[in-house]
Amino acid sequence: MEIIILDHKKPSNSRSDRTENLDDFFSNDEIDPNNYSILNQSGNKIDVLKYIKSENALINLCKAGSGRGLLKISKSYGSSSKVLDSLSKIKNRGIHLNVANNPNTSPETLDYLSKDEDNDVRCYVAKNPNATSETLNDLSKDKNWYVRYWVVKNPNTTSETLKEMAKVETNYDVKYNIKKHSNCPEETWKYLSALEILSTLPQVSTKKSKQ
């Protein structure tokens with residue numbers, strides 16, 4: 001297939017056929033995908049991000065903090081942990097959501113995003129299988145119950161964290177999933193089960209009846 005690279009910095013009549021050196025062109029560390037379009041012989045655009053070979057080029061693009069392709073890069077399972085870490089530093093909710101949900105995101109980047117002010121971002125961190133037990137322990141104290149819910153759904157959450165959560169948790173769904181967790185200590189399971197039984201008993205009034 002004939003491929004033409006269109007440089008947006010130059011006049012439109014300066015298009016050049018780069019089919020032979022396409023890989024070399026997009027292996028350049030300095031390439032900025034926002035400045036180029038790839039056209040096939042029919043003049044239809046092809047996704048420029050698919051052709052970038054250089055991790056450094058992507059990292060430099062992320063550090064610039066702009067570009068139409070950043071959301072796509074953050075969502076791609078082909079993005080490296082280094083690229084995703086650079087993306088996490090950009091103040092953009094959509095990018096943070098994608099990075100927190102990406103299976104290639106490193107534990108260190110997830111720990112950074114666990115302090116994000118957005119509840120949904122912290123939920124995705126708690127769901128991510130790369131989240132460490134330390135990060136999950138911090139999130140177990142989150143003010144948002146749905147974040148805590150995903151903490152107790154993560155297999156990396158330790159028995160000690162589950163034990164401490166059971167002592168103070170008020171949300172039924174969170175408590176229910178603490179009991180279901182494979183790391184739930186037996187004494188914690190019995191404690192939560194006893195609370196469930198007590199909650200079904202009729203409340204005894206402490207008020208004195210009038211004579």
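FYI, it's all coordinate maths here, none of it is from the lab. Bear in mind that the values here come from a model prediction, so they are computed numbers and not experimental data. Positions of Cβ are backbone-derived with ideal geometry, glycine not excepted, and every protein chain shown enters the neighbour counts.
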Using a simple charge model, +1 on the beta-carbon of Lys and Arg, -1 on the beta-carbon of Asp and Glu, nothing else, what dipole does the stretch 131-198 show about its Cα centre, in debye to the nearest 20? 160
For the cross-link pairs K141/K175; K72/K141; K89/K175, which exceed 25 Å when the distance is taken from alpha carbon to alpha carbon? K72/K141; K89/K175
Ranked list, fewest to most other Cβ atoms within 10 Å of each Cβ, for Y124, Y77, Y112, Y146: Y77, Y146, Y112, Y124
Could you derive backbone 3J(HN,Hα) for the stretch 154-163 from the dihedral phi with the Karplus parameters 6.51, -1.76 and 1.60 (θ = phi - 60°), listing whole Hz in sequence and x where the residue is Gly or Pro? 7, x, 7, 5, 7, 5, 5, 5, 4, 4
Taking R0 as 22 Å, what FRET efficiency do you get between A194 and E160 from their Cβ-Cβ distance, rounded to the nearest 0.05? 0.60
What does the charge count near L110 come to, summing +1 for each Lys or Arg and -1 for each Asp or Glu among other residues with Cβ under 12 Å from its Cβ? -3
At q = 0.15, 0.21, 0.29 Å⁻¹, base-10 log of I(q)/I(0) for the stretch 131-198 (Debye sum, equal scatterers on each alpha carbon): -0.38, -0.75, -1.43
What are the ³J(HN,Hα) couplings of the stretch 178-195, residue after residue, when phi is run through the Karplus curve with 6.51, -1.76, 1.60 and θ = phi - 60°? Round to Hz, x for glycine and proline. 4, 5, 7, 5, 5, 9, 5, x, 4, 5, 5, 4, 5, 4, 5, 5, 5, 4
Please name which of N183, A166, A194 has its Cα lying farthest along the dipole of the stretch 131-198 towards the positive end, using unit charges on Cβ (Lys, Arg +1; Asp, Glu -1) and the Cα centre as origin. A194
